Amino acid sequence: MLYLLLAIVAASTYSILFKIFACRDVDSLQAIAFNYLTATLLGISLSLGSLGSGVVLRGGDWAMAVAMGVMFMAAFVLMARSTARSGVSVTTVAARVSLTIPVVCSYLFLPAQVEPRWGAIAVILIALVMVIWQPGKGEASGAHPKKQGGGGLLLPFAVFVLFGLNNFCLKWCQKGLEGEGGASQLSAAIFLFAALASGVYYFAVSPTRRFSWQAMVGGVALGVANFFTTYFMILALELLPSGVFFPIYHIGIVALVTTLGVAFFGERLSWLQIGGLALAAVGIVAFFV
């Protein structure tokens, strides 16, 4: 249970960090680059023990690692922008309910997969629409009025889609890994290419921006939280069945982040969004139980 709680705290931490970046005008693009550099170094340090048996990644694995590195970077950029526009609570819900995408895609594209619970998926999707639906002036989300508009709806939905596709691609990759240490080497490779993609994207869109110590410190903290979210998830899943772990994990993150968003960042949710949060919790439980 301890690893489950640590995974919830770690995942909630990087969501809250994006909110802090938005409130303090920290350069989120620069922080994301430092985030993946930090995660890469942590991944490499834990992969060193498995390198004695050689590098087990094949050519196709490296190509997938490059593609997933770019996708991971894009997902974090979208998450930062969605948090700034729509609020940390809305964005976190969009990221958490994306769990439906890898399950549906696995059923459609991978052999011998159990048929998804379509009723629970329908409930989760309805909850997502309720949560991301915001008043036009932004009074319910706690976001700055000038930052509302089409992005208030599209950005959380984009977070939902990209986080879900990332999880499916990760499952697709890990399915074909061979040899001890393959998972840790793949994770380190993905983080490495995400760091490179973040650096290229940062200099492409903001070549005149200067180095920021705030962004570096925030990025290191983000990278630690990002890496240990996955690390503690793996440890928890070795001790708990997935039907117990995942409902508590996803609902715990939504509950913790929403509470912190309301208590410390002044985010306000409409009754429709509160109903969507409750419905999302019901859908997540029904999805796994």
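Just to be sure before I move on: is Phe232 touching a Phe, Trp or Tyr at 6+ places or on another chain (Cβ under 7 Å) and not acidic (Asp, Glu) in the structure I sent? So Phe232 fits the description; yes. Here Leu277 meets each of (1) open to solvent by 60 Å² or more (accessible area, probe 1.4 Å); (2) more than 29 Å from Phe34 (Cα to Cα) with one exception, condition (1). Entry remark, the range 245-274: residues being open to solvent by 60 Å² or more (accessible area, probe 1.4 Å), of a type outside the set (D, E, K, R) and at pLDDT below 90 number 0 in total. Against the conditions (1) under 18 Å from Ala286 (Cα atoms); (2) open to solvent by 30 Å² or more (accessible area, probe 1.4 Å); (3) in contact (Cβ under 8 Å) with a residue 40 or more places away in the chain, Val114 satisfies every one except (3).
Each residue in the range 190-237 was checked for being within 14 Å of the chain's Cα centre (by Cα) and under 12 Å from Ser28 (Cα atoms), and 1 of them qualify. Residue count for the range 187-233 under the criterion of being over 24 Å from Val9 (Cα atoms), open to solvent by less than 60 Å² (accessible area, probe 1.4 Å), of a type outside the set (Phe, Trp, Tyr) and assigned to a helix (DSSP H, G or I): the result is 4.
Could we say that Phe76 is assigned to a helix (DSSP H, G or I), open to solvent by 20 Å² or more (accessible area, probe 1.4 Å), at pLDDT 85 or above and under 23 Å from Tyr231 (Cβ atoms) here? Reasoning before the result, please.
On the way: assigned to a helix (DSSP H, G or I): yes; open to solvent by 20 Å² or more (accessible area, probe 1.4 Å): no; at pLDDT 85 or above: yes; under 23 Å from Tyr231 (Cβ atoms): yes.
For Phe76, the condition - assigned to a helix (DSSP H, G or I), open to solvent by 20 Å² or more (accessible area, probe 1.4 Å), at pLDDT 85 or above and under 23 Å from Tyr231 (Cβ atoms) - is not met.
Taken over the range 85-111, the residue count meeting the criterion of being under 18 Å from Ala11 (Cα atoms) and either under 11 Å from the mean Cα position of the chain (by Cα) or open to solvent by 10 Å² or more (accessible area, probe 1.4 Å) (or both) is 9.
Taking the conditions (1) buried (at least 24 other Cβ atoms within 10 Å of the Cβ); (2) within 15 Å of Phe76 (Cα to Cα) in turn, Val26 satisfies each one other than (1). Flag set for Leu240, criterion: in contact (Cβ under 8 Å) with a residue 40 or more places away in the chain, part of a loop (DSSP other than H, G, I, E, B) and either in contact with a strand residue (DSSP E or B) (Cβ under 6 Å, 6 or more places away or on another chain) or surrounded by 14 or more Cβ atoms within 10 Å (Cβ to Cβ) (or both).
For the range 117-126, a residue qualifies if it is crowded, with 16+ Cβ neighbours inside 10 Å and of a type in the set (Gly, Ala, Ser), and exactly one does: Ala120.
The values are calculated or read from the model by the stated rules, or taken from the named source; none is laboratory data. Just so we're clear, the structure is a prediction, and the values are computed from it rather than from any experiment. With ideal geometry, Cβ positions are generated from the backbone for all residues, glycine too; neighbour counts draw on all protein chains shown. Note: areas computed on protein heavy atoms with side chains; ligands, DNA, RNA excluded. Shrake-Rupley method; radii C 1.70, N 1.55, O 1.52, S 1.80 Å.
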